[in-house]
Amino acid sequence: MSDDITTVIDPVPESRRSDSTRLRRDQAGYVPAPSTSDYPAASLPAVPALPAEPLASLQANAITAWFGDHQVLDRVSLTMPAGQVTALIGPSGCGKSTFLRILNRMHELVPSASLAGEVLLDGVDIYDASRKLTEARRDIGMVFQKPNPFPAMSIYDNVIAGLKLTGVRASRDEKDYLVERSLTSAGLWKEVKDRLRAPGGGLSGGQQQRLCIARSLAIKPKVLLMDEPCSALDPTSTRVIEETMGELQKEVTIVIVTHNMQQAQRVSQQCAFFLASQGQPGHIVEHGDTEAMFGAPIDPRTYDYVNGRFG
Ligand SMILES: Nc1ncnc2c1ncn2[C@@H]1O[C@H](COP(=O)(O)OP(=O)(O)OP(=O)(O)O)[C@@H](O)[C@H]1O
Ligand SMILES: [Mg+2]
């Protein structure tokens, strides 16, 4: 994938372009949507949600993790297929968040943390010495449990905040397009299109979480990691985010940690059950199709967990 912002957001497909948009194609082939300031919001054309790039798979091989001498994961291997939602479930403290943070190199931010194993993004190890840390963070975005927009920053600037961090430069038109495209994908555009200059902190919790999803999408990740993204939200906002995920998986591979078994069943196609027996590091007991994991699990511990018998 190119670093160029022009590939960050997919252009409007040729067949759906009007003459005026075709004329706006710049040298790099990027087709920006009209600036939001060019038209009244109601007349903005619909932004198509089509994948720009082939979907990517993520594969963890024999991941072992430590905080100091404390081993918290033991040889965890898991394939997270392209274009699918993989749910990570398991009791508190079994290493789900640690595993998720290893998938985009955030684990190494903790001074005492270390790990063994490999994480392959479409077959390429994100921990390879030749790969930059920023590449992994750009390709593999993360949404946290608590929505964390920059509260005083405008909705518009929140969405594009990641561009600077990843060293991407964009024109005003490109940014306008990116903001609309990312907010549309995150299911928030219609609610905020008339107040893009209002502070992000003024949105509801559910809207803030979708703003954070839009911010992650703006740098066009191949994978989106979500660590209990709905646990701080009310049921309505949760439902909106779940519906958004259904649309998003057409563009990005998703890995979600959730304690909500109904949510895991609703949103995921693949599921992995993590467990840490007393004093032991976390490992995967069972993984596979979500339907099978919930309907006919092989391991009795999975059966007990998905049926709410422990944890
Ligand atoms: N920064 C840290 N420093 C030291 N130990 C840590 C750190 N973060 C997590 N741990 C330990 O690693 C183990 C796994 O924690 P982790 O947060 O990955 O679990 P989890 O499955 O996400 O739990 P929860 O469901 O409660 O979020 C725990 O024993 C925890 O205490
Ligand atoms: Mg956690």
Using 0.36 nm per residue, how much length does the chain from A82 to D128 gain when fully extended, once their Cα-Cα distance is taken away?
14.5 nm
Positive end of the dipole of region 71-172, charges at C-beta (+1 Lys, Arg; -1 Asp, Glu), about the Cα centre: which of V85, F144, I126 has its Cα farthest in that direction?
F144
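Kindly put E247, E118 in sequence by how many other C-beta atoms sit within 10 Å of each C-beta, fewest to most.
Values: E247 13, E118 16.
By the 10 Å Cβ count, ascending: E247, E118.
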Given the peptides 99-107, 151-159, 63-71, arrange them by the average over their residues of other C-beta atoms within 10 Å, most packed first.
99-107, 151-159, 63-71
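Throughout, read-outs are computed from the coordinates displayed, never taken from laboratory work. Owing to the predicted nature of the structure, the values given are computational and were not obtained by experimental measurement. Note that each Cβ is placed from the backbone with ideal geometry, even for glycine, and that neighbours are counted across all protein chains shown.
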